[in-house]
Amino acid sequence: MAARLLRRMLGSRFLFLRSPLRSSGGVWARAARGGTDTGSLTKQAEATVATDWKKKLTPEQFYVTREKGTEPPFSGIYLNNTESGIYYCVCCNAPLFSSEKKYNSGTGWPSFSEAYGTCGRDESNTNITRRPDNSLGSTRTEVICKQCDAHLGHVFDDGPTPSGQRFCINSVSLNFKPGSGQ
């Protein structure tokens with residue numbers, strides 16, 4: 001039913017559409033051939049992507065970055081790291097935070113006063129996105145990788161000056177590369 005409706009709406013242009021996750025077969029190919037849809041494309045795509053992430057990440061990394069989990073406080077490998085360098089997304093390798101903006105907040109997670117690429121209060125050149133998070137009955141601001149939607153942690157307004165922000169980030173969502181930190 002859905003396949004016929006899509007074919008009717010898109011006409012012959014539909015024959016050129018391909019799934020970004022599968023080059024042949026799957027829902028799009030069945031629909032283009034006039035077959036029936038065996039399930040939600042979104043659910044099938046999500047399942048395929050989740051399987052790919054599970055292959056790439058450790059179980060703890062998958063839990064934190066893909067299922068919005070949190071590592072236990074004071075357990076992360078980067079909590080006490082004082083080397084100069086850049087912290088990258090464990091999923092897609094996008095640069096996220098500089099060691100120059102890292103500080104000890106005493107909260108049990110690596111803390112940063114701003115994201116890598118921030119200019120004043122402008123985060124448009126960073127690889128992070130902020131999203132409201134009401135999951136624990138209170139409103140917090142989730143920090144997500146702009147490139148791959150990995151959950152990184154949360155940001156709070158109780159950090160040091162001048163930013164006043166505390167990016168509280170899970171170590172398992174990061175990879176650290178020593179270097180200049182700039």
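Taken about its Cα centre, segment 48-138 carries a charge dipole of about 220 debye when Lys and Arg each add +1 at the Cβ and Asp and Glu each add -1 at the Cβ.
Taking θ as phi - 60° and the Karplus parameters 6.51, -1.76 and 1.60, the scalar couplings of segment 69-80 work out to x, 9, 6, x, x, 6, 10, x, 5, 9, 3, 9 Hz in sequence order, x denoting glycine and proline.
Backbone phi angles across segment 88-100, fed through the Karplus curve with coefficients 6.51, -1.76 and 1.60 (θ = phi - 60°), yield HN-Hα couplings of 10, 5, 5, 7, 10, 6, 6, x, 10, 9, 9, 4, 5 Hz in residue order; Gly and Pro are listed as x. Computed over protein heavy atoms with a 1.4 Å probe, the accessible surface of segment 109-182 works out to 49 Å² per residue.
Charge dipole (Cα centre; +1 on Lys/Arg Cβ, -1 on Asp/Glu Cβ; no other charges) of segment 113-182 amounts to roughly 120 debye. Among the lysines, select those whose C-alpha is under 24 Å from the C-alpha of Lys54, and discard any that sit fewer than 8 residues away in the same chain. Straight-line reach from Lys54, under 24 Å: Lys43, Lys68, Lys146, Lys177. Assign one of three labels to segment 129-182, namely rounded, prolate or oblate, based on the Cα gyration tensor with a ≥ b ≥ c the square roots of its eigenvalues; rounded applies when a/c is under 1.5, prolate when it is not and a/b is larger than b/c, and oblate otherwise. Cα axes put segment 129-182 in the oblate bin. Under a 5 Å amide H cut-off, with hydrogens placed 1.01 Å from N, Phe156 pairs with Arg166, Phe167, Cys168 among residues at least 5 apart or on other chains.
I'd like to know which of Ser135, Gly159, Phe176 lies farthest towards the positive end of the charge dipole of segment 133-182, counting +1 on Cβ of Lys and Arg and -1 on Cβ of Asp and Glu. The listed residue farthest towards the positive side: Phe176. The string of couplings for segment 150-163 from the Karplus curve (6.51, -1.76, 1.60, θ = phi - 60°) is 5, 6, 10, x, 9, 10, 10, 9, 10, x, x, 6, x, 6 Hz, one whole number per residue in order, with x for Gly and Pro.
The values are calculated or read from the model by the stated rules, or taken from the named source; none is laboratory data. What you are looking at is a predicted structure, and each value in this text was computed from that prediction instead of being measured. A quick note on method: Cβ atoms are made from the backbone with ideal geometry, for glycine too, and the neighbour counts reach across all protein chains shown. Surface accessibility is based on the protein's heavy atoms, side chains included, excluding ligands, DNA and RNA. Shrake-Rupley method; radii C 1.70, N 1.55, O 1.52, S 1.80 Å.
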